[in-house]
């Protein structure tokens, strides 16, 4: 009985954190790229890791690698947007 209450408490705290995390300004292109890359890397890493017998390690490594690649791509796209906005006079 105690473990069910503990699991329910942990899940409710995680759900509250998820809702609070969605509050605020929309994500930038850089942040979207990081999240998308991390999610894609996590899935791919878990698949590759499960093939060799270590899905957790594969997911962790894939998630980190995917987030790094996603950040690089998102950062490049964000810099292009900023340069375009500067060229067209959106910044003063």
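The values are calculated or read from the model by the stated rules, or taken from the named source; none is laboratory data. None of these values were measured; they are calculated from a predicted model. Note that each Cβ is placed from the backbone with ideal geometry, even for glycine, and that neighbours are counted across all protein chains shown.
Please go through segment 1-16 and give me each residue that is in a helix (DSSP H, G or I) and modelled with pLDDT under 85, ordered by number. Before you say what the answer is, go through the steps one by one.
We begin by selecting, within segment 1-16, every residue in a helix (DSSP H, G or I); these are 2-16.
Correct list: 2, 3, 4.
Does segment 78-91 contain any residue that is buried (at least 16 other Cβ atoms within 10 Å of the Cβ) and on the phi < 0 side of the Ramachandran plot?
Of all residues in segment 78-91, those buried (at least 16 other Cβ atoms within 10 Å of the Cβ) come to 78.
Narrowing further to those that are on the phi < 0 side of the Ramachandran plot: 78.
Yes.
Just to be sure I understand, how many residues within segment 40-59 are in contact with a helix residue (DSSP H, G or I) (Cβ under 7 Å, 6 or more places away or on another chain) and within 25 Å of residue 22 (Cβ to Cβ)?
5
Go through segment 19-44 and report how many residues are touching a residue at least 12 places away in the same chain (Cβ under 8 Å) and either part of a helix (DSSP H, G or I) or within 12 Å of the chain's Cα centre (by Cα) (or both).
Within segment 19-44, the first condition is being touching a residue at least 12 places away in the same chain (Cβ under 8 Å), and the residues that meet it are 28-44.
Checking which are either part of a helix (DSSP H, G or I) or within 12 Å of the chain's Cα centre (by Cα) (or both) leaves us with 29-44.
Here the count works out to 16.
Quickly run through segment 45-60 and pick out the residues that are surrounded by fewer than 17 Cβ atoms within 10 Å (Cβ to Cβ) and under 15 Å from the mean Cα position of the chain (by Cα).
Start the filter on segment 45-60 by keeping residues that are surrounded by fewer than 17 Cβ atoms within 10 Å (Cβ to Cβ), which leaves 47-48, 50-57, 60.
Once the filter is applied, which keeps residues that are surrounded by fewer than 17 Cβ atoms within 10 Å (Cβ to Cβ) and under 15 Å from the mean Cα position of the chain (by Cα), segment 45-60 yields only 60.
Take residue 63 and tell me if it is assigned to a helix (DSSP H, G or I) and within 10 Å of the chain's Cα centre (by Cα).
Details: assigned to a helix (DSSP H, G or I): yes; within 10 Å of the chain's Cα centre (by Cα): yes.
So residue 63 fits the description; yes.
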